[in-house]
Amino acid sequence: MRVSHRAVIEVSGRELDDVLEESGVSTPVYVYDADLAVERAREYREAFSWFPGDVRVCYAMKANFNPHLVEHILDETRAADVVSLWEMRIAVEAGAEELVVNGNAKSDDELRAAVLNAWVINVDSMEELRRVERIARREERRARVALRVNPEVDPDTHPHIATAVEGSKFGVSLRDAERVCRAMIESEYVEFLGVHYHIGSQITDLEPFVEALRSVRRFLEETGLVEELRYLNVGGGLGVPYRMDEDVPRPRDLARALREDLKDLHSESPGFDLYLEPGRSIVGEAGVLVTRVRQLKESGNRRWIFVDAGVNALIRPALYDAYHEVVVHGGDYLETVRASIAGPLCESGDVLAEDREVPADVSEGDLVVFLTAGAYCESMASNYNCQPLPGSVVVRDGELVGVREVQGYDEFRTVWE
Ligand code: LLP
């Protein structure tokens, strides 16, 4: 995705309005640059190529499960992190050869699918281990399991997306984790592989990642579990630049920060494979949400731009106070005014961007584009207020490879039959 000085947005080397015209899709629409997503996935693999064991980049499907896009990402990673049956299905249909199954309250069907397919289950508690054992016994299989531990680090991110603070609903505290790991080792129904942790999302400081690895390393060494370690899953969480001038660490910086501890740990163990579960840092920058100005309004001291999508299509500002850059495509930014951009929903929180600089002549029909909308935007979209789900266009090597029209009424209505 590239924004030129004349505020022209390009996707996979093509101008946005050209892509939209060829697709025939109306707004609101998510437009994805599959080249960029694939490049980011590859960056992970290359960044950790020094690791002595196998490295598996398991793309976190929750960030964006659009099948037209996922297909390209999984072509590169061949592995995915999934949290539901339908994520499993989409990942397998897109060519995933290996899945890791996450979640604090997985369903029996999800656990059964994991057991039957020999996918790694990141078990969240002793209680869940007992359920996995029952299912494995019934299916006459040995489940492949790891324990999700909570290293209790507090990354500097929004509280809703910090997952390893004390008292979190995810994982088992390191104080109680040995007991569960030993139960796994002793069980005849599961094969103990190792441990998993994930400390949160949109983390732009490397320190919490290092701190978490060191706590887990200490735990493994002190309990002697390092001798059993065949699998270490360090989760996802690396942030993306939501502001144009923001500089965030990249996969190679993360790899460098973790290198020494991972190498030492590897030499102390029988040898383990390294698993990563990045989502946002693969797709975040590869997508935009394109909306159209429906109406302008001036009231009190405020200038509003109302577009044809609201929090139904972009919930992150309302839910996490998230900031997404906004560009009026084709706009002349030489003369600007300040305005807030909001959707049409009956909800005061339906504001997508506050007090932004926009072209002074912005008018009805203009395209208003929200940047860095590849992760957790389409996957969190809803039909609130009976708004249609936006369409989507995936571009690869300049070609439109996946086009979906904005949801129609008949399609929407079938959900309620
Ligand atoms: N692994 C596990 C176990 C996770 O829970 C998550 C994200 C990931 C991997 C991927 O993390 P990432 O690399 O994408 O940061 N809806 C929120 C983000 C929720 C993240 C949930 N877990 C948002 O829009 O910011």
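For D154, the amide hydrogen comes within under 5 Å of no other amide hydrogen, counting only partners 5 or more places away or on other chains and with H modelled in the peptide plane. Length available on full extension from D176 to E98: 0.36 nm per residue minus the Cα-Cα distance, which gives 25.2 nm. Close amide H contacts of V100 (hydrogens built in the peptide plane, cut-off under 5 Å, sequence separation of 5 or more or a different chain): A80, D81, V82. Please state the shape class of segment 1-154: rounded when a/c is under 1.5, otherwise prolate if a/b exceeds b/c and oblate if not, all from the C-alpha gyration tensor. Here segment 1-154 falls in the prolate category.
Compared with the alpha-carbon gap, the fully stretched path from D54 to R142 is longer by 29.4 nm at 0.36 nm per residue. Within the straight-line cut-off of under 30 Å between alpha carbons, the lysines reachable from K169 are K62, K106, sequence neighbours fewer than 8 places apart in one chain being disregarded. May I ask for the net charge around G171, where only other residues with Cβ less than 13 Å from the Cβ of G171 are counted and Lys, Arg are +1 while Asp, Glu are -1? Within the 13 Å Cβ shell, the charges total -3.
Taking Cα atoms only, the orientation of helix 34-47 departs from the longest principal axis of the chain by about 30 degrees. Per residue of the chain, the DSSP helices (runs of n ≥ 4 H) give a summed -39500 (n - 2.57) that works out to -9500 deg cm²/dmol at 222 nm. Phi angles across segment 392-400 convert, under the Karplus curve 6.51 cos²θ - 1.76 cosθ + 1.60 with θ = phi - 60°, into 3J(HN,Hα) values of 8, 9, 10, 10, 10, 6, x, 9, 7 Hz, Gly and Pro given as x. Can you give the FRET efficiency to the nearest 0.05 for D253 and W416, using r as the Cβ-Cβ distance and R₀ = 41 Å? Step by step, r from the Cβ atoms, then E = 0.30.
Peptides 30-36, 298-304, 16-22 ranked from most to least packed give 30-36, 16-22, 298-304, packing being the mean of other C-beta atoms within 10 angstrom over each peptide's residues. Across the chain, Cα-Cα distances exceeding 42 Å account for 18% of all pairs. Between the helical axis of 174-186 and the longest alpha-carbon principal axis of the chain there is an angle of about 60 degrees. Near V195, the amide H atoms lying under 5 Å from its own belong to L147, Y231, N233; only residues 5 or more places off or on other chains count, and H is placed 1.01 Å from N. Residue by residue, segment 368-381 carries 3J(HN,Hα) couplings of 10, 10, 9, 8, 6, 10, x, 10, 6, 10, 4, 5, 10, 6 Hz when phi is fed to the Karplus relation 6.51 cos²θ - 1.76 cosθ + 1.60 (θ = phi - 60°); x denotes Gly or Pro. Counting only alpha carbon atoms, the long axis of helix 108-117 and the longest principal axis of the chain meet at about 70°. Highest mobility in the GNM of the chain, judged by mean-square fluctuation with C-alpha springs under 10 Å and restricted to R42, R138, R292, is found for R138. Centroid-to-centroid, using Cα positions, segment 353-367 and segment 196-237 are 45 Å apart. Highest mean packing first, where packing is the average number of other Cβ atoms within 10 Å per residue, the peptides 249-262, 49-62 line up as 49-62, 249-262.
A Gaussian network model of the chain, with springs between Cα atoms under 10 Å, assigns the largest mean-square fluctuation among E87, E399, E71 to E399. So, R0 is 25 Å and r is the distance between the beta-carbons of W304 and S382; what FRET efficiency does that work out to, to 0.05? In this case the efficiency is close to 0.65.
When peptides 199-206, 306-313 are sorted by average Cβ neighbour count within 10 Å, with the highest value leading, the order is 306-313, 199-206.
A short reminder: the numbers here are calculations on the coordinates, not readings from a lab. Just so it is clear, the model here is predicted, and its values are computed rather than measured. When we count neighbours, we look across all protein chains shown, and the Cβ atoms used for this are built from the backbone with ideal geometry, even at glycine.
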